1. Can you put 208, 116 in order, fewest other beta carbons within 10 Å first?
2. What is the log10 of I(q)/I(0) for the range 58-116, computed with the Debye formula using one identical point scatterer on each Cα and no solvent, at q = 0.14, 0.21, 0.22 Å⁻¹?
3. Roughly how compact is the range 14-159, stated as its Cα Rg over 2.2 N^0.38 Å to two decimals?
4. Take each of the peptides 62-73, 179-190, average the number of other beta-carbon atoms within 10 Å over its residues, and list them starting from the highest.
5. Label-point separation (nm) for residue 170 and residue 223, each offset 7 Å from Cα along Cα-to-Cβ?
6. Viscosity 1.306 mPa s, temperature 10 °C: Stokes-Einstein D of the range 1-100 from its Kirkwood Cα radius, in µm² per second?
7. For 140, 35, which order do you get if you count the other beta carbons within 10 Å of each Cβ and list the fewest first?
8. In 10 Å bins starting at zero, report the fraction of Cα pairs in the chain per bin as a rounded %.
């Protein structure tokens, strides 16, 4: 099927030194750019991350320090990559949560303003997860092999949830799970603390979810002592908190969003931002 495109879209993937967006670096970039007429272009480049690649990470993607020692740094490659992508939309697998935030960090470290405005972001993983339903009725059919009766009635729903939970414990007992960092564990065990940790997932303002939008569409902190508090109000009461975040080890894109909030409110004449 040829894609119905109004403009080009760039499918891309990154191999990295790790999964910390604020600290880790890219070691390989692959981009497949698809144009509205169906033409395809490819760009692939290994990158010298200028930091050691952890052994356990190399064992996952097969790229070792020696493989990238003579490769260009991201700063040296950034302009070529930016020009190749151009104004294209972006697509990837888990790209909204990881690849795009990390790519933005690298562009910012390279002092290149890669504009994200007016770019659509298509995450193939999210499409997969939405289309392969995770509703209670779908889970009931999958785990218990029978249709669910009286769905959306409170007691029927809670009873079905309980039955599914027990079936999960039986089905996944001893089953290995490999996380995104390559760590292997058997997380589904009959222990509520372990299950609570495994089943927890965290609308983001800063891509990483440290600043999120509340129900009113306003930015609030999603961590620390000011979790749930409006960013603007915290900066009004405690302006040094902004200064601390700028110095601290937060992702550059998070800092960029915080600065844009501060400047936006200042330029609009708000008294909240000092």
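1. 116, 208
2. Log-scaled intensity ratios, in q order: -0.48, -0.99, -1.04.
3. With N residues counted in the range 14-159, Rg over 2.2 N^0.38 Å equals 1.41.
4. 62-73, 179-190
5. 4.1
6. Details: Rh = 14.4 Å.
Translational diffusion coefficient: 110 µm²/s.
7. Going from sparsest to densest Cβ surroundings: 35, 140.
8. 6, 21, 26, 26, 17, 4, 0
Laboratory data are not the source of any read-out in this text; all were calculated from the coordinates shown. This structure is a prediction, so every number in the text was calculated from the model and none was measured. Positions of Cβ are backbone-derived with ideal geometry, glycine not excepted, and every protein chain shown enters the neighbour counts.
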